[in-house]
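**Student:** Before we start, here is the structure in question, set down as structure tokens.
What follows is calculated from the coordinates using simple rules that are stated; it is not laboratory data. Since the model is a prediction, treat every value here as computed from it, not as a measurement. Neighbour counts run over all protein chains shown; Cβ positions are idealised from the backbone, glycine included.
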Amino acid sequence: MKKILFLIILIPLVSLGQVKEKTLKDISTFPIGSSIRITPFLKDSKLVSIQKKHFNSFTSGSDMKMYNIIKAENEYNWEVVDTILKYATQNNQRLFGHNLIWHSSTPKWVVEKARENPKWLQSFMKSYIETYVGRYKGKVHGWDVVNEGLESAGSSFRKESIWFEIMGKSYIEKAFIYARKADPDAILFYNDFNIERDTLKLNATLKMVEDFKKRGIPIDGIGFQMHIRMDIPNEIIEFTLKKAAKTGLQIHLSEVDLIFNTHDDTRGGGIEKYKFLTEKMKQDQAKKYYDLAQIYKSVVPKNQQYGITFWGFNDRDTWIKPFFDMEDWPCIFDNKLNKKPAFDGFYEGLVE
Ligand code: G3I
């Protein structure tokens, strides 16, 4: 009798244990993504198992950029994107395309040819976007059509871009028009950094969006990259997201990191104020991840919540350390691929 009683108590506890496994994608009402480098990723079974468990949106960190897609004229390279698509499809994940036009991912041969023959650039853009987006029509859910079209700070269009240099600011709308034509159902984003804290830059983005809407240029969403520092006030993030949401467009937190040390947006531009991650810092970061999830949920209307994507989900592989040449711990999993308090903070932020 005693044995039966014990089993009656134990069985629900065991199944409760299974139910309580903290899975981000299951608890979230919007897609949760991370940037991935597919080749090393597929060789790392632990990474794959975490990714499958917690994420339902897939963004490639580099593989889908122009410099990897078209290394020479007319030489498209689809192999890696096909591998990514296969993985996303098999695992029932949304595939997000990052990105079509970005000054920084434009191959050298394109820049050189455009300088020799400026008229060629627009026809190249048209055929590149139509070929690429057309090939993955109905398979890539949304695209960062133009990435970082504005200067790092302030309200001007980025001048150090072959696209701007030759086509002027109209390159942005042309890219959106070509993308819409190639896949009328894909969700088209303008994506940029610091717009959650630089109100001049945000206002320039919103001005462009309003102008596009008025003139019937297709645009569906704004990507807030959100490479943010721990000391960026929540009030600013709340204010800027609220303002952007008023456009009615989809809002994607597209490249989230919560960074401790100081970085100035240039390669090697890091100041390493923190050399070690303390318990207090872990808790502070957990709170900030909680706040971020809460702000997104409360400020962005449900039908505009495109999702939250991390720019890498573990401190071992984060781009922050090599790029800014400093130590840091911006992710929700640690160097050993274990969950950090940041994971729990974010999870709780999604739940409540
Ligand atoms: O794949 C090669 C590898 O074979 C080689 O051994 C290694 C040697 O340096 O380079 C590897 O390629 C690197 C690639 O990342 C994969 O890690 C490239 O050199 C490097 O330039 C490339 O950097 C990426 C960068 O964009 C430029 O495309 C970063 O990983 C990626 O995190 C970063 O992402 C950008 C977003 O697209 C836009 N927003 C900012 C964000 C961070 O800079």
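**Student:** Take the alpha carbon atoms of segment 320-348, find their center, do the same for segment 160-186, and report the distance between the two centers in whole angstrom.
**Tutor:** 35 Å
**Student:** Under 22 Å Cα to Cα from residue 126, which lysines show up? Leave out anything in the same chain fewer than 8 places away.
**Tutor:** 65, 71, 108, 113, 137, 139, 159, 169, 174, 181, 213
**Student:** Something else now. Just flag the trypsin sites (Lys or Arg not before Pro) in segment 282-345 sitting in loop per DSSP whose Cβ has no more than 12 other Cβ atoms within 10 Å.
**Tutor:** Values: sites: 282, 287, 288, 297, 302, 316, 336, 339; in loops: 316, 336.
Here the trypsin sites (Lys or Arg not before Pro) that fit, given the DSSP loop and packing criteria, are 336.
**Student:** In whole Hz and in residue order, list the ³J(HN,Hα) couplings for segment 235-242 that follow from phi through the Karplus curve 6.51 cos²θ - 1.76 cosθ + 1.60, θ = phi - 60°; x for Gly and Pro.
**Tutor:** Calculated HN-Hα couplings, in order: 4, 5, 4, 5, 4, 6, 5, 4 Hz.
**Student:** Through the Karplus equation 6.51 cos²θ - 1.76 cosθ + 1.60, θ set to phi - 60°, convert the phi angles of segment 212-227 into ³J(HN,Hα) values in whole Hz; use x for Gly and Pro.
**Tutor:** For segment 212-227, the Karplus-derived couplings read 4, 4, 4, 9, x, 7, x, 8, 10, x, 10, x, 9, 4, 6, 7 Hz, x marking Gly and Pro.
**Student:** Quick one: helix 45-54 against the long Cα principal axis of the chain, what's the angle to the nearest 10°, folded into 0 to 90?
**Tutor:** 90 degrees
**Student:** What are the residues whose amide H is under 5 Å from the amide H of residue 34, where those residues sit 5 or more places off or on another chain and H is modelled from the backbone?
**Tutor:** Under 5 Å from the amide H of residue 34: 57, 59, 310.
**Student:** Mind checking the angle between helix 170-182 and the chain's longest principal axis? C-alpha axes, 0 to 90 degrees, to the nearest 10.
**Tutor:** It is inclined by approximately 70 degrees.
**Student:** How many angstrom separate the Cα center of segment 26-81 from the Cα center of segment 110-124?
**Tutor:** Answer, in whole Å: 29.
**Student:** OK, next. Less than 13 Å apart at the alpha-carbon level, and either on another chain or at least 8 residues along: which aspartates and glutamates does that give for residue 242?
**Tutor:** 196
**Student:** Next question. If r is the Cβ-Cβ distance from residue 157 to residue 123 and R0 is 22 Å, what FRET efficiency results, to the nearest 0.05?
**Tutor:** Working from the Cβ atoms, E equals 0.50.
**Student:** Then there is this: Tell me, what ³J(HN,Hα) does each residue in segment 161-169 have, in order and in whole Hz, if you take phi through Karplus 6.51 cos²θ - 1.76 cosθ + 1.60 with θ = phi - 60° and put x for Gly and Pro?
**Tutor:** Each residue of segment 161-169 in turn: 8, 4, 5, 6, 4, 9, 9, x, 5 Hz.
**Student:** What residues qualify as long-range amide H neighbours of residue 229, i.e. H under 5 Å apart, gap of 5 or more or another chain, H built at 1.01 Å from N?
**Tutor:** Those lying under 5 Å, H to H, from residue 229 are 259.
**Student:** Right, another one. At what distance in nm do the modelled label points of residue 215 and residue 272 sit from each other, each positioned 7 Å from its Cα along Cα→Cβ?
**Tutor:** Result for the modelled spin labels: 4.7 nm.
**Student:** Taking H as built 1.01 Å from N, whose amide H comes closer than 5 Å to the amide H of residue 263, not counting residues under 5 places away?
**Tutor:** Those lying under 5 Å, H to H, from residue 263 are 271.
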